[in-house]
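Chemist: Sharing a structure with you now.
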Amino acid sequence: MIKCVYCQNQETDSESHIIPEGLGTGPTLLGAVGRSCNNDFGKVEQVIIKALAPITNFLQLTGKRGKRPALELEADFGDVKQRIKVRNPQDLKQRLFSYKTAISSDGKKKKIAFIGPIDQLEEARKSYSEKYPNTTWEDMQSSDISDVAFYLHFDFAIFYNPFCMRAVAKIAFEWWIKQRSPGVVQGNEYDAIRNFIKAGEFPNYPIVSIVQDRTIINAFGPIPFGIHTLFCSIDPHSSNLVILVGLFSLVFYKVILTKRHTALAKIEQLATVNPQTGQYYEPIIRLSLRSGPYISKIEKADCIDPLKAIQNMKPFLLNRLNNGFEAIRAQST
């Protein structure tokens, strides 16, 4: 009987989501991962799920509980700044109110806004009224809404976070297993990727790196933002088995599953996953993605610190992110 592909000692009694559930719907892997390992990975994945909430919320993706992730916004109203959480940004138009109250000893009045879901508003209102019993409450007029500025901060640091790198490695590893079988990865040639996913142990080579080569990135240009990309590259002239993972086709990672793979022929296998519908699609590759020197081999760019890689690419990624948001918004109107 096949044991867990990670710990190699427990029964494979759970279903593993190849794409973390919080990043959309996608293919699953059965009969390969033990329950305890699966639960441990869930804790790692929660870090990136929370950080990528601005993207998943915009794509209207829901997690295990069927809810869109909460967005942490900063609301500026006059000289007041407030951090709030919302799941549907449209709710803000219907859940704003303000009040005027004498909060200073000289009796000056100040306009303040509380913003958020109804239950949070009522709780804030009650708490403030207990502190300032002479508060006069007013509904916020529609004309006042234009005075409220909302800011959403997105930190690209998540893409070089060690947890994110491990989650990406897990996606690549489990997709390869699904394409072949759990028995394929039982040998010790997969120990490096196994240990990296389980405990973040780096070998003496860049087991997961951020792709900076625009030739590679542009090859996936036709795949729209928001779609996850998976690409397997096997070259008989290289012993590296490499999987490229494109999170929302925004940031692409190169994952070396093993440096001891033997291949008789060149193979290029591309798959896309629509996180909204879970549709898994394997388009026909019409143009070579230059697997040899560009993907299968370790390049100098692969050895660059992930932090520097993201810093180098930040203008490009920000532009791609904004253009992706605009394209999706245009389709929905």
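Chemist: Name, by its number, the condition in (1) exposed (fewer than 15 other Cβ atoms within 10 Å of the Cβ); (2) modelled with pLDDT under 90 that does not hold for SER14.
Modeler: Condition (1) is where SER14 drops out.
Chemist: Of these, ARG214, ARG180, which one is assigned by TED's automatic domain parsing to the domain that holds ALA263, closer than 18 Å to PRO27 by Cα, charged (D, E, K, R) and free of Cβ contacts under 8 Å to residues at least 60 places away in the same chain?
Modeler: Numbers: ARG214 fails: closer than 18 Å to PRO27 by Cα.
Only one candidate qualifies: ARG180.
Chemist: Additional query: Check the stretch 211-219 and report whether any residue there is under 20 Å from HIS17 (Cβ atoms) and either outside any strand (DSSP E or B) or not polar (S, T, N, Q) (or both).
Modeler: Of all residues in the stretch 211-219, those under 20 Å from HIS17 (Cβ atoms) come to none.
There is no residue in the stretch 211-219 that is under 20 Å from HIS17 (Cβ atoms) and either outside any strand (DSSP E or B) or not polar (S, T, N, Q) (or both).
Chemist: Quick one: LEU270 ticks every box in (1) assigned to a helix (DSSP H, G or I); (2) farther than 20 Å from GLY22 by Cα except a single one, so which number is it?
Modeler: The single condition LEU270 does not satisfy is (1).
Chemist: Here are the criteria: (1) in a helix (DSSP H, G or I); (2) within 21 Å of the chain's Cα centre (by Cα); (3) surrounded by fewer than 19 Cβ atoms within 10 Å (Cβ to Cβ). Tell me which single one PRO222 does not satisfy.
Modeler: Against the list (1) in a helix (DSSP H, G or I); (2) within 21 Å of the chain's Cα centre (by Cα); (3) surrounded by fewer than 19 Cβ atoms within 10 Å (Cβ to Cβ), PRO222 comes up short only on (1).
Chemist: Is it true that some residue in the stretch 128-143 is part of a helix (DSSP H, G or I), crowded, with 16+ Cβ neighbours inside 10 Å and not assigned by TED's automatic domain parsing to the domain that holds GLU299?
Modeler: Within the stretch 128-143, the first condition is being part of a helix (DSSP H, G or I), and the residues that meet it are 128-131, 142-143.
Now narrow it down to the ones that are crowded, with 16+ Cβ neighbours inside 10 Å: 128.
So of that shortlist, the ones also not assigned by TED's automatic domain parsing to the domain that holds GLU299 come out as 128.
Scanning the stretch 128-143, I find at least one residue that is part of a helix (DSSP H, G or I), crowded, with 16+ Cβ neighbours inside 10 Å and not assigned by TED's automatic domain parsing to the domain that holds GLU299, so the answer is yes.
Chemist: While we're looking at this one, here's another question. Out of all the residues in the stretch 152-167, is one or more surrounded by 13 or more Cβ atoms within 10 Å (Cβ to Cβ), among the charged types (D, E, K, R) and at pLDDT below 80? Break it down stepwise before answering.
Modeler: If we filter the stretch 152-167 for residues that are surrounded by 13 or more Cβ atoms within 10 Å (Cβ to Cβ), which is where we start, we get 152, 154, 156-167.
Next, only the ones that are among the charged types (D, E, K, R) stay: 166.
If we keep only those that are at pLDDT below 80 as well, we get none.
Within the stretch 152-167 (the criterion being surrounded by 13 or more Cβ atoms within 10 Å (Cβ to Cβ), among the charged types (D, E, K, R) and at pLDDT below 80), the answer is no, since none of the residues qualifies.
Chemist: Checking ASN57 against (1) of a type outside the set (Asp, Glu); (2) outside any strand (DSSP E or B); (3) within 19 Å of ARG166 (Cα to Cα): exactly one of these is not met. Which one?
Modeler: With (1) of a type outside the set (Asp, Glu); (2) outside any strand (DSSP E or B); (3) within 19 Å of ARG166 (Cα to Cα) applied to ASN57, the lone miss is (3).
Chemist: Now a separate question. Note down all Cβ pairs under 7 Å where the first residue falls in the stretch 27-42 and is within 26 Å of ILE227 (Cα to Cα) and in the same structural domain as CYS164 (by TED's automatic domain parsing), the second is outside any loop (DSSP other than H, G, I, E, B) and of a type in the set (D, E, K, R), and they're at least six residues apart or on different chains.
Modeler: none
Chemist: When the residues of the stretch 19-36 are filtered to those that are crowded, with 21+ Cβ neighbours inside 10 Å and hydrophobic (A, V, I, L, M, F, W, C), which remaining residue is nearest to the chain's Cα centre (by Cα)?
Modeler: Only one residue tops the list, namely LEU23.
Chemist: Scanning the stretch 185-207 for residues that are buried (at least 18 other Cβ atoms within 10 Å of the Cβ) and touching a residue at least 60 places away in the same chain (Cβ under 8 Å), which turns out nearest to TYR294 (Cα to Cα)?
Modeler: This residue is PRO206.
Chemist: Collect the residues in the stretch 217-248 that are without any contact (Cβ under 8 Å) to a residue 60 or more places away in the chain and within 19 Å of ALA157 (Cα to Cα), keeping them in residue-number order.
Modeler: GLY246
The values are calculated or read from the model by the stated rules, or taken from the named source; none is laboratory data. Quantities reported herein were computed from a predicted structural model and do not represent experimental measurements. Positions of Cβ are backbone-derived with ideal geometry, glycine not excepted, and every protein chain shown enters the neighbour counts.
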